[in-house]
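Readers should treat all values here as calculations from the given coordinates under stated rules, not as data from a laboratory. Predicted model, so just to flag it, every value in this text is computed and none were measured. Methodologically, a virtual Cβ is constructed for each residue, glycine included, from the backbone with ideal geometry; neighbour enumeration extends over all protein chains shown.
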Amino acid sequence: MLGEYPIQGRGAAEIAASVECAVSAGDLEPGQLLPPMRELATRLGVNPNTVAAAYRSLRERGVIETAGRRGSRIRSKPATTGRERPHVVVPAGVRDLSSGNPDPALLPALAPALAAVAEEGDREPILYGAEPVEPALARIVRAELDADGVPDGPLTATSGSLDAVERVLAAHLRPGDAVAVEDPGWGRTLDLIPALGLRTVPVGVDDDGPRPEDLRRALESGARAFVVTDRAQNPTGASVSGPRARALRAALREHPHTLLVEDDYGHGTVDLPLHPLAGATHHWAFVRSVAKTYGPDLRLAVLTGDSVTVDRVRGRQRLGPGWVSRLLQRTVVRLWTDGAVDAAAVAAAYRGRRELLAGALAERGVRSHGRSGMNLWVPVPDETATVAALLHAGWAVAPGARFRLSSPPAVRITVSTLTEPEVVPLAEAVAAAVGPGPARSYV
């Protein structure tokens, strides 16, 4: 059952750590069964309650799952290892279209802004007790949110979108609570939720965003929160349309105590309008990141929401990191006010690359999805075979397993750096790997 790996420990924490270390090292594989609690207790010479406590801790941290009489097993995507396990090793000479990164050529130069902000910081250092949000950043963001129809609410800064999502979920939920998530969806979110001891409930996605009927089922089954990407959904490129937003808001109003978390990380790189859901429930949070527009390493997102949610997030931040660097916040303000990024031109560049590849694929009988953002999602009959065939042809793409719970197989192709001469050779390689067939759905 466990091969050569012996679980060790006398206390619950030691037993749990032994299992977690084995999963992290790859000695215990996803899906592998663990011994029944009484059997392991006898082997270790401890009370069965000690093993039960260890298994409970592992469940809450998203390492294992228990299915009644079928026993406990390592999760198919354990939080300990993350979704990088089914990763693609890109050999030399292979074109990497798997990373999901923005095009560095479309990011602004940071040196001038950082230098100017550093000089300002030397003159007036930010010390303990200062406001956590740069006032100029708050004014810029609030004006944008007002223009986009996001309800008024207090603001705070976080270290990126995922940090915001984690803090909001932790502010309201307890281990064992269920969270409705997009399927396919962002792999980091799908890893984070079980790592917090929460359960994922998949909600199908099409080009217009999450399916309202799936959301209703998730909420009726007891999901206490819903995490949604408004635009440039990763990996499918879905963007919540106006009619879809109305339907989703209607479903949420039927469950007003649901915690709603919206991620608009693609802001500044998409040219589709925002249709926010915020305000449909009592507790909500709206997150906007600068990673794709100004650079991932700035690690900055701005969070707004209802006063209770934002106050809880701020309070927990004060007890931990305190605040997100005001120097970085000022850098973003300077980049914004100096017009360092032409958002319309960036969005047009990504749209053009998506449309070129999607059109070339369609001409060869291959359906793809990518209404916004920098990725195309291509349904395939077999992910492993498709990824391997494309690697052999000189193209590295991301296997869909990183992003799926129960939705059908697919691969994600990042088009952010794709050049026009590469489009036809890539489309021909994908068509050869996938093979002709009827249009497939990813829900």
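How big is the C-alpha Rg of the chain next to the rule-of-thumb value 2.2 N^0.38 Å, as a ratio? Each step should come with its number before you reach the end.
On the way: Rg = 22.9 Å, N = 443, 2.2 N^0.38 = 22.3 Å.
Ratio of Rg to 2.2 N^0.38 Å for the chain: 1.03.
Which percentage, to the nearest 5, of the DSSP beta bridges contained in the range 111-337 is antiparallel?
Details: 11 of 30 bridges.
Close to 35 percent.
Provide the packing ranking of 256-268, 297-309, 357-369, 109-121, i.e. peptides ordered by the mean count of other C-beta atoms within 10 Å per residue, highest first.
Put in order of decreasing packing, that is 256-268, 297-309, 357-369, 109-121.
Highest first, please rank the peptides 377-386, 311-320 by the mean number of other Cβ atoms sitting within 10 Å of their residues.
Working: 377-386: 19.7, 311-320: 14.1.
Listed from highest to lowest mean packing, they are 377-386, 311-320.
State the extension gain, in nm to one decimal, for the chain segment bounded by A136 and A345, taking 0.36 nm per residue of separation less the distance between their alpha-carbons.
Details: separation 209, 0.36 × 209 = 75.24 nm, distance 2.47 nm.
Full extension from A136 to A345 adds 72.8 nm.
Work through the residues other than G9 whose Cβ is under 13 Å from its Cβ and net out their charges, Lys, Arg +1 and Asp, Glu -1.
Working: positive: R10, R43; negative: E14, E20.
Net charge around G9: 0.
How do R199, R412 line up, fewest other C-beta atoms within 10 Å first?
Working: R199 19, R412 24.
If I rank by nearby Cβ atoms, fewest first, I get R199, R412.
Give, as a single signed number, the net charge of other residues whose beta carbon lies under 12 Å from the beta carbon of A170, with Lys and Arg counted +1 and Asp and Glu -1. Display every interim value, and only then the final one.
On the way: positive: R167, R174, R312, R316; negative: D163, E166, D177.
Neighbour charge sum, excluding A170 itself: +1.
Given a Förster distance of 60 Å, report the FRET efficiency between V424 and N49 from their Cβ-Cβ distance, rounded to the nearest 0.05.
0.40
From the convex hull of the Cα coordinates of the range 223-282, what is the mean projected area in square nanometres? Kindly include the intermediate steps, with their values, before the conclusion.
Numbers: hull surface 16.2 nm².
In nm², the orientation-averaged hull projection of the range 223-282 is 4.1.
Which distance in Å, rounded to a whole number, links the C-alpha centroids of the range 136-151 and the range 163-214?
For the range 136-151 versus the range 163-214, the Cα centre distance is 26 Å.
Could you work out the local net charge near G394, counting Lys and Arg as +1, Asp and Glu as -1, over the other residues with Cβ closer than 15 Å to its Cβ? Walk me through the intermediate numbers first.
Values: positive: R95; negative: D96, E422, E428.
Its environment carries a net charge of -2.
Sorting E428, E124 on the 10 Å Cβ count, fewest up front, what's the list?
On the way: E428 14, E124 7.
If I rank by nearby Cβ atoms, fewest first, I get E124, E428.
What translational diffusion coefficient, in µm²/s and rounded to a whole number, does the Stokes-Einstein relation yield for the range 99-192 at 4 °C and a viscosity of 1.567 mPa s, taking the hydrodynamic radius as the Kirkwood radius over Cα pairs?
75 µm²/s
Quick one: which residues, 5+ away or cross-chain, put their amide H under 5 Å from the amide H of D177? H built at 1.01 Å from N.
For D177, whose amide H was placed from the backbone, the distant partners under 5 Å are R199.
Over the C-alpha atoms of the range 5-73, what are the Rg and the largest Cα-to-Cα span, Dmax, in Å?
10.7, 28
Rounded to the nearest Å, what's the spacing between the alpha carbon centres of the range 258-300 and the range 8-33? Just the number, please.
Taking the Cα centre of the range 8-33 as reference, the centre of the range 258-300 is 36 Å away.
Need the full-extension length gain, A116 to Y5, defined as separation in residues times 0.36 nm minus the C-alpha distance. One decimal, nm. Mind showing how you got there, number by number?
Working: separation 111, 0.36 × 111 = 39.96 nm, distance 5.53 nm.
The span from A116 to Y5 would gain 34.4 nm if fully extended.
With labels modelled as points extended 7 Å from the Cα through the Cβ direction, what inter-label distance (nm, one decimal) is found for L405 paired with T384?
According to this spin-label approximation, the distance is 2.5 nm.
Given the -39500 (n - 2.57) contribution per DSSP H run of 4+ residues, what per-residue ellipticity at 222 nm results for the chain, rounded to the nearest 500 deg cm²/dmol? If you can, show how the numbers build up before the last one.
Working: 15 runs with 180 residues, N = 443.
That comes out to -12500 deg cm²/dmol.
Given all pairs of different Cα atoms, what value in angstroms does the Kirkwood hydrodynamic radius of the range 327-443 take? Please report the intermediate quantities before stating the final value.
Details: mean 1/r = 0.0648 Å⁻¹.
Radius from the Kirkwood sum: 15.4 Å.
Taking every DSSP beta bridge with both residues inside the chain, roughly what % is antiparallel (nearest 5)? Don't skip to the answer; put the middle values down first.
Values: 23 of 44 bridges.
The antiparallel proportion sits near 50 percent.
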